[in-house]
Amino acid sequence: MGYPVNRMRRLRRSENLRKMVREVNVTVDDLICPLFVTHGLDVKLQVPSMPGVFHYSVDALVKEARELNDLGIPAVLLFGLPSGKDDFGTEAYSPDGIVQRAVRALKKAVPELVVITDVCLCEYTSHGHCGVIRNGDVSNDETLELIARTALTHAQAGADVVAPSDMMDGRVLAIRDTLDENGFPDVAIMSYSAKFASAFYGPFREAAGCAPQFGDRASYQMDPPNRREAMREIALDIEEGADVVMVKPALAYLDIVSDARAAFDVPIAAYSVSGEYSMVKAAAERGFIDECRVATEMLTCIKRAGADMIITYFARDFATWQAEV
Ligand code: PBG
């Protein structure tokens, strides 16, 4: 039955009525904060393309993590900036690498904070690709061993969750086997399952110094138009042992999040990437949009699409805004 018996506006008449029928609320519990860690002491260096995002030395990172923990944010996702790069991304799997050091410090200082590590080689390779180069392309099977070794060193340092973002075929299985064989059956895998070759990663590549020095990532990351293929990627990762699957980017890919929610029962993470953040920051700086309202709306809609957790550079801002009201 329609109008005039049904009037949809009846339940929109006041903020309290709207609250009562609200289907989704984002809270800090849903958020994961990405953090960049670099060598040195007392370093806190802003990323020019990402206002409010910094490179932290381990000591400064610990301070930041304490504050995030106090704000109620349950987890951080770590990215490392190595002291040097080479063809094989050696520092990625060095037991004394920057991420491994950071994990040890964080688990010691703030043990309850969930530490997730990005597992990839691109920040560590001189060519900027996510794996080993053979004949001008990334060699899948040769890369698997290095990716698994990287994840193992993160687990040995104390990581709660490892998050492979390299998009090699078979990496989840390789990591699961390596972790289990070495006594880390309880370390979880959050797989960047449906990770698209996106231009929205632009600011991150500046932040992490990992732009490919030749070519692009189209031979390993997904082609943006492909929706059905994303479901295959996710299904394969679940079969290989992924505990959480991720869709990335988030905002322009909410159909993928929604499809994944309908098709799978595992927890789903959505990564609202650097470009999504920087666009809002830049537009807000120029007074074109209201940053708090736009960011909150973005996060709400990502959750509405079906994400159980959201990786966002707005995590700290959002927690601060929540604390203010
Ligand atoms: C590394 C990695 C990237 C991002 C997360 N992990 C960059 C890339 O794949 O080029 C992007 C994150 C962001 O844009 O916020 N493979």
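Most fluctuating residue of G209, G136, G80 in a GNM of the chain with Cα springs under 10 Å: which is it? Maximum fluctuation in the GNM of the chain, among the listed residues, is at G136. With a simple spin-label model that places each label point 7 Å from the Cα along the Cα-to-Cβ direction, the separation between V266 and C301 comes to 2.8 nm.
Both radii were evaluated on the Cα set of the stretch 3-127; the Rg over Rh quotient, with Rh as the Kirkwood radius, amounts to 1.23. Distant-in-sequence amide contacts of G215, defined by a placed amide H-H separation under 5 Å and a gap of 5 or more residues or a different chain, comprise nothing.
Let me check I've understood the local charge: for A211, count other residues with C-beta under 13 angstrom from its C-beta, Lys and Arg +1, Asp and Glu -1. What total comes out? It works out to a net charge of 0. Report the FRET efficiency, 1/(1 + (r/R0)^6), for R18 and E112, where r is their Cβ-Cβ distance and R0 is 45 Å, rounded to 0.05. About 0.85, to the nearest 0.05. Mean residue ellipticity, 222 nm, helices only, the chain: the sum of -39500 (n - 2.57) across DSSP H runs of n ≥ 4, divided by residue count and rounded to 500, is -12000 deg cm²/dmol. Over the chain, calculate the relative contact order: mean separation of alpha carbon pairs under 8 Å at least 6 apart, over the residue count, as a percent. With pairs under 8 Å counted, the relative contact order is 17 percent. Where does helix 254-263 land angle-wise versus the long Cα axis of the chain, in degrees 0 to 90, nearest 10? With both axes taken from Cα atoms, the answer is about 90 degrees. Using the alpha-carbon atoms, what tilt in degrees (0 to 90, nearest 10) does helix 58-70 show relative to the longest principal axis of the chain? It works out to around 30 degrees. Averaging the Cα positions of each part gives two centres, and for the stretch 11-87 and the stretch 234-264 these lie 22 Å apart. Sites counted here are GluC sites (Glu not before Pro) in a DSSP loop (not H, G, I, E or B) having no more than 11 other Cβ atoms within 10 Å; the longest part of the chain that contains none of them is 113-325.
The ellipsoid that matches the Cα gyration tensor of the stretch 132-209 has semi-axes, each √(5λ) in whole angstrom, of 23, 16, 11, with the longest given first. Projection of the Cα convex hull of the stretch 222-325, averaged over all directions and equal to a quarter of that hull's surface, yields 7.3 nm². The longest part of the chain holding none of the exposed loop chymotrypsin sites (Phe, Trp or Tyr not before Pro), meaning those outside H, G, I, E and B in DSSP with at most 11 other Cβ atoms within 10 Å, is 1-213.
The residues of the stretch 46-186 have, on average, 37 Å² of accessible surface per residue, using a 1.4 Å probe with all protein chains present. Sorted largest first, the principal axis extents computed over the alpha-carbon atoms of the chain equal 68, 44, 39 Å. Rounded to the nearest 10 degrees, the angle from helix 291-305 to the longest Cα principal axis of the chain is 80 degrees. Enumerate lysine pairs in the chain that are 8 or more residues apart or on different chains, then count those whose Cα atoms are under 19 Å apart. The result is 7.
The values are calculated or read from the model by the stated rules, or taken from the named source; none is laboratory data. Note that this is a predicted model, so its numbers are computed, not measured. Positions of Cβ are backbone-derived with ideal geometry, glycine not excepted, and every protein chain shown enters the neighbour counts. For the accessible areas, the whole protein counts, side chains as well, though only heavy atoms, and no ligand, DNA or RNA atoms are used. Shrake-Rupley method; radii C 1.70, N 1.55, O 1.52, S 1.80 Å.
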